[in-house]
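Below: the structure, in structure tokens.
The values are calculated or read from the model by the stated rules, or taken from the named source; none is laboratory data. Keep in mind that this is a model prediction, so the values were computed, not measured. Reconstructed Cβ throughout: ideal geometry from the backbone, glycine too, with neighbour counts over all protein chains shown.
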Amino acid sequence: MAEVVLNGISKSYGDDVALDNVTMTVPDGSFVVLLGPTGAGKTTTLRMVSGLDKPDAGNVMIGGRDTAGLTPAQRDVTMVFQQYSLYPHLTVRQNLEFPLKSPILQTPQAEINRKVGEVAEVLQISHKLDNKATALSGGEMQRVSIGRALVRQPSVYLMDEPLSSLDAKLRSDLRVELKNIQANSGATLLYVTHDQIEAMTMATHVGVLDNGKLVQFGTPREIYEDPVSVYAASRLGQPRINVLPAGVFGGAPYNAQSIGLRPEHIIQGEGEDSMVTRVERLGDQTRLHLVFKDHDIITVTDAHTNLNGGDIVKIRPNNPYYFDATGARVA
Ligand SMILES: Nc1ncnc2c1ncn2[C@@H]1O[C@H](COP(=O)(O)OP(=O)(O)OP(=O)(O)O)[C@@H](O)[C@H]1O
């Protein structure tokens, strides 16, 4: 396994700046999740590491080796795409065996059988091993393509929203499995997702990309508890952080333009009146929708709450965040 270092990577497609001077270290054995909305540069980052595409400036080091000019195979990286890529005329077993059958690896058949069996079990596709790849559902095909990556032990796994096509139950099973595989094998993973639960549960580190710039890199807790900007703060947390004009509760720093309130920053039962517009019971969380001085706020409350729409609840902020006019955190 290996550390990956991106040094000042920039990449444009025509006038479109996909990456702007990104410097980031993916530590050996870490699970790094890249977060950001569509177009932030997440996939482009993976393509730079994989060697599928070349940076305009900067370099990528894998395991201390400059990768300039190296093919994806020479870099010893394995990539899993959002959309499955299988050999349709082969069975599931043959698809899974394929990466191990390379003449360079010379893997003994018994070892191939063991590895394929193990991966099929983890991905819950053992019963489909002899099916043609075309006779699978979309979610099954995606599991096989993840499996094709997992049978190998490359220096680095690169995964681009590999779970996004799966149903909720399978997604949560595979979150746990991928995390276990990474933790037990010491693999280095660079992983792209829109799904903040994946980021919070699997990542050892999160990189937040904004318009091709890496704006924060840290543990999921650091990004959640100590965001550098309103943009970074908005990437994690459900319900999303509430952003209101800074002075709405009084006591804001002079340079603050907005106040950011996560549910834990809102004390209920003290302070000023707000009105309940809706109580939303999600099972694992009960959300309270409030209107405070014409501003909507969503927070969480006790599962056994007796509150209803139209009720009045007092609220006050407790250690909120403040951001300046550019969105940068000032307190
Ligand atoms: N092959 C390409 N040709 C032209 N423009 C591209 C190409 N690849 C990426 N871009 C542009 O570069 C920017 C970053 O794209 P990228 O795919 O890295 O974003 P992303 O964060 O992965 O988004 P998504 O979540 O939608 O996959 C976008 O503006 C995109 O339109």
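Evaluate the following for Leu214: is it touching a residue at least 60 places away in the same chain (Cβ under 8 Å) and within 16 Å of the ligand (Cβ to nearest atom)? Please lay out each step first, then the result.
Numbers: touching a residue at least 60 places away in the same chain (Cβ under 8 Å): yes; within 16 Å of the ligand (Cβ to nearest atom): yes.
Spelling it out, Leu214 is indeed touching a residue at least 60 places away in the same chain (Cβ under 8 Å) and within 16 Å of the ligand (Cβ to nearest atom).
Return yes or no: is Gly8 in contact with a strand residue (DSSP E or B) (Cβ under 8 Å, 6 or more places away or on another chain), away from the ligand (no atom under 13 Å from the Cβ) and either assigned to a strand (DSSP E or B) or of a type outside the set (A, V, I, L, M, F, W, C) (or both)?
It is true that Gly8 is in contact with a strand residue (DSSP E or B) (Cβ under 8 Å, 6 or more places away or on another chain), away from the ligand (no atom under 13 Å from the Cβ) and either assigned to a strand (DSSP E or B) or of a type outside the set (A, V, I, L, M, F, W, C) (or both).
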- Task: Evaluate the following for Leu170: is it farther than 15 Å from Tyr84 by Cα and surrounded by 19 or more Cβ atoms within 10 Å (Cβ to Cβ)?
- Result: no
- Task: For the range 182-203, enumerate the residues that are of a type in the set (A, V, I, L, M, F, W, C) and surrounded by fewer than 20 Cβ atoms within 10 Å (Cβ to Cβ).
- Result: Ala183, Ile197, Met200
- Note on the structure: Every listed condition ((1) aliphatic (A, V, I, L, M); (2) touching a Leu at 6+ places or on another chain (Cβ under 8 Å); (3) farther than 30 Å from Leu209 by Cα) holds for Val300 save (3)
- Message: Can you tell me which condition Asp56 does not meet? The list is (1) in contact with a Lys or Arg (Cβ under 6 Å, 6 or more places away or on another chain); (2) touching a residue at least 40 places away in the same chain (Cβ under 8 Å); (3) within 18 Å of Val192 (Cα to Cα), and all the others hold.
- Response: (3)
- How many of the residues making up the range 297-331 are free of Cβ contacts under 8 Å to residues at least 24 places away in the same chain and among the charged types (D, E, K, R)? 1
- Message: Quick test of your reading of the structure: Ala133 fulfils all but one of (1) within 30 Å of Asn211 (Cα to Cα); (2) aliphatic (A, V, I, L, M); (3) touching a Pro at 6+ places or on another chain (Cβ under 8 Å). Name the failing condition by number.
- Response: (1)
- Message: Among the residues of the range 29-49, are any surrounded by fewer than 17 Cβ atoms within 10 Å (Cβ to Cβ) and closer than 13 Å to Leu190 by Cβ?
- Response: yes
- Consider Thr301 carefully, then state whether it is among the hydroxyl-bearing types (Ser, Thr, Tyr) and either within 32 Å of the chain's Cα centre (by Cα) or exposed (fewer than 11 other Cβ atoms within 10 Å of the Cβ) (or both). yes
- Any chance you could count how many residues in the range 100-129 are under 22 Å from Gln142 (Cα atoms), among the aliphatic types (A, V, I, L, M) and modelled with pLDDT of 90 or more? 7
- Return yes when Leu19 is touching a residue at least 12 places away in the same chain (Cβ under 8 Å), near the ligand (Cβ under 8 Å from one of its atoms) and over 20 Å from Val77 (Cα atoms) and no when it is not. yes
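Take Ala68 and tell me if it is surrounded by fewer than 14 Cβ atoms within 10 Å (Cβ to Cβ) and under 26 Å from Val215 (Cα atoms).
yes
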